[in-house]
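Starting off with a structure, shown below.
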Amino acid sequence: MPHPLRTPLRIFVAAYPAPDAALALVRAHANLFHDEQLAVRARRDTPTSQVHVTLHFVGEVAPAELDEVRESVERSVAGLPAFAMAFHELRSLPARGPARLVAASAQSCTTLDEVRRRLVKRLAWNPRAQREVFLPHATLSRFAAPQAEVAIERSIDPVVTTQIASVELVRSILKPGGAEHVLVERFPLT
């Protein structure tokens, strides 16, 4: 068994909507699956408490490197204001090929884009990550198997808007029933 102080930590940086906004997204998602064609699809829903927008997936980090990652996140959000995030659409992803998940897409904004840019610059171990197009979204469910005949693009009415006042560094612990998220540290926006 690996020594706990040497076991890599699976880390990501995220923005979590307020609980009422997360609940509104989960309800919009549940309504989507009342459609007979979608109701029969096997899926695993995201718990309301884990609805989030991944700003940057850091990956596996040695526990000894965690302080360096914390400092990078803190510097990435330094001086940036809180901002509103507006979720406007439910959609299947990826955009091309069989659907693997259903997400709530959020509109981008200047602060969100800047946080993402800074995080990627400081934390991207893979240079390809700096060229990836960022699509802000909150995953609401994952299909048990890819769904070639599913293509979802449905407006969320009314649009779900939430204030993002902090960015979280989160550890993801993979378990048979799905990932468990554990807060490592919260970084307030000014």
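Diagonalise the Cα gyration tensor of the range 111-190 and give the resulting equivalent ellipsoid semi-axes, square root of 5 times each eigenvalue, largest first, whole Å.
25, 19, 17
Quick one: longest stretch of the chain between exposed loop trypsin sites (Lys or Arg not before Pro), exposed meaning at most 10 other C-beta atoms within 10 Å and loop per DSSP? Before the final figure, lay out each step's value.
Numbers: sites that count: R6, R96.
Within the chain, the longest run free of exposed trypsin sites (Lys or Arg not before Pro) spans 97-190.
Can you work out the base-10 log of I(q)/I(0) for the range 28-80 at q = 0.17, 0.20, 0.23, 0.26 1/Å, using the Debye formula on its C-alpha atoms alone?
Relative scattering, expressed as log10 I(q)/I(0), comes to -0.74, -0.85, -0.98, -1.11.
Still on this structure, please answer the following. Where the accessible area of the range 43-190 is counted over protein heavy atoms with a 1.4 Å probe, how much of it, in %, is carbon and sulfur?
Reported share for carbon and sulfur atoms: 49 percent.
Over the range 75-190, what is the mean sequence separation of C-alpha contacts under 8 Å (at least six apart), divided by residue count, expressed as relative contact order in percent?
36
Quick check on the chain: helices-only [θ] at 222 nm, where DSSP H runs of length 4 and up contribute -39,500 (n - 2.57) each and the sum goes over total residues. Nearest 500, please. Walk me through the intermediate numbers first.
Details: 4 runs with 44 residues, N = 190.
Rounded to the nearest 500, it is -7000 deg cm²/dmol.
What are the residues whose amide H is under 5 Å from the amide H of V150, where those residues sit 5 or more places off or on another chain and H is modelled from the backbone?
Long-range HN contacts for V150: A99.
Ok, one more. Can you list the GluC sites (Glu not before Pro) in the range 159-190 that are in a DSSP coil and have 15 or fewer other beta carbons within 10 angstrom? Kindly include the intermediate steps, with their values, before the conclusion.
On the way: sites: E168, E180, E185; in loops: none.
Sites meeting the loop and neighbour criteria: none at all.
If you don't mind, another one. Sorted from largest down, give the three principal axis spans of the alpha carbons of the range 58-123, whole angstrom values.
Projected onto the principal axes, the Cα atoms of the range 58-123 cover 38, 29, 15 Å.
Let me ask something else. Could you do me a favour and compute the accessible area per residue for the chain, 1.4 Å probe, result in Å²? Let's see the in-between values first.
On the way: 10640 Å² over 190 residues.
For the chain, the per-residue accessible area is 56 Å².
Tell me, what is the percent relative contact order of the range 1-126, built from C-alpha pairs under 8 Å that lie six or more residues apart?
It comes to 28 percent, rounded to a whole number.
Can I ask one more? Which label marks the calculated value of Kirkwood radius over Cα pairs in Å, given the options [x] 16.7; [y] 18.7; [z] 17.5?
Checked against the structure: label [z].
Please report the accessible area of F57 (heavy atoms, 1.4 Å probe, ligands and nucleic acids excluded) in Å², nearest 10.
Surface accessible to solvent at F57 totals approximately 100 Å².
Give me the Kirkwood hydrodynamic radius of the range 7-52, using the inverse of the mean 1/r over all pairs of distinct Cα atoms, in Å to one decimal.
For the range 7-52, inverting the mean 1/r across all distinct Cα pairs yields 12.5 Å.
The values are calculated or read from the model by the stated rules, or taken from the named source; none is laboratory data. Computed from a prediction, not measured in an experiment: that's the story for all the values here. As a convention, Cβ positions derive from the backbone with ideal geometry for all residues, glycine included, and neighbour counts pool all protein chains shown. Protein only, heavy atoms only, side chains kept; ligands, DNA and RNA dropped before computing areas. Shrake-Rupley method; radii C 1.70, N 1.55, O 1.52, S 1.80 Å.
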